[in-house]
Amino acid sequence: MTEAEAKAALKTRGYRATSKEEKIINDDNSYNPIITEVVIVGCKGTASPSFSSKTKRLEQVNLSFSSVQFPDAILQSLSVKYGKPIEPLSCRMITCSATWKGPNQGIEAMVLRSTDKGTSLVLIRYFPQAPASDL
């Protein structure tokens with residue numbers, strides 16, 4: 001998928017990322033020109049497709065949810081949709097992560113739990129599966 005195809009698919013739901021938003025997410029090999037709002041199990045967040053600077057094609061989609069009261073609901077929704085994680089939920093200190101495999105993509109989720117406010121930051125990354133020749 002190209003940037004133009006992504007914009008066409010999102011229609012008016014996406015908006016142009018500011019240069020500051022684009023730089024926070026990217027390295028020199030990719031760019032995030034579009035941001036759109038998303039809702040998963042009642043949690044509002046943003047999604048930002050990341051495109052290769054070299055090929056101009058979609059590389060991954062990053063979702064971010066801040067101030068989440070019940071992050072386990074988001075993780076459970078991923079398990080309902082994609083099945084049991086291929087890398088089960090593992091937690092260290094205030095961070096938990098898990099990985100799922102969809103039909104044509106991998107999904108990584110990370111939860112950063114706040115120690116003082118009882119809320120969490122949830123980050124989800126969707127990325128295409130590597131071709132068999134790359135494994």
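For the range 93-116, a residue qualifies if it is touching a Leu at 6+ places or on another chain (Cβ under 9 Å) and not polar (S, T, N, Q), and the qualifying residues are 94, 96, 98, 100, 107, 108, 109, 110, 111, 112, 113. So is residue 110 closer than 23 Å to residue 49 by Cα and either touching a Lys or Arg at 6+ places or on another chain (Cβ under 6 Å) or free of Cβ contacts under 8 Å to residues at least 24 places away in the same chain (or both) or not? Spelling it out, residue 110 is indeed closer than 23 Å to residue 49 by Cα and either touching a Lys or Arg at 6+ places or on another chain (Cβ under 6 Å) or free of Cβ contacts under 8 Å to residues at least 24 places away in the same chain (or both). Going by the conditions given, is residue 63 part of a helix (DSSP H, G or I), at pLDDT 90 or above and within 14 Å of residue 111 (Cβ to Cβ)? When the stated conditions are applied, residue 63 does not pass them. Any chance you could count how many residues in the range 66-107 are crowded, with 17+ Cβ neighbours inside 10 Å and modelled with pLDDT of 85 or more? The total comes to 13. Residues that are over 15 Å from the mean Cα position of the chain (by Cα) and under 26 Å from residue 6 (Cα atoms) occur at least once in the range 91-103. Filtering 24, 40 for residues that are within 17 Å of the chain's Cα centre (by Cα), at pLDDT 75 or above and more than 16 Å from residue 58 (Cα to Cα) leaves a single hit, 40. As a summary of the residue check, residue 108 satisfies the conditions (1) within 13 Å of the chain's Cα centre (by Cα); (2) charged (D, E, K, R); (3) under 18 Å from residue 44 (Cα atoms) except for the one numbered (3). Within the range 27-35, identify whether any single residue is modelled with pLDDT of 60 or more, assigned to a strand (DSSP E or B), more than 15 Å from residue 59 (Cα to Cα) and of a type in the set (S, T, N, Q), and answer yes or no. Within the range 27-35, none of the residues are modelled with pLDDT of 60 or more, assigned to a strand (DSSP E or B), more than 15 Å from residue 59 (Cα to Cα) and of a type in the set (S, T, N, Q).
The values are calculated or read from the model by the stated rules, or taken from the named source; none is laboratory data. Computed from a prediction, not measured in an experiment: that's the story for all the values here. Because the Cβ atoms are built from the backbone with ideal geometry, glycine has one as well, and the counts that use them run over all protein chains shown.
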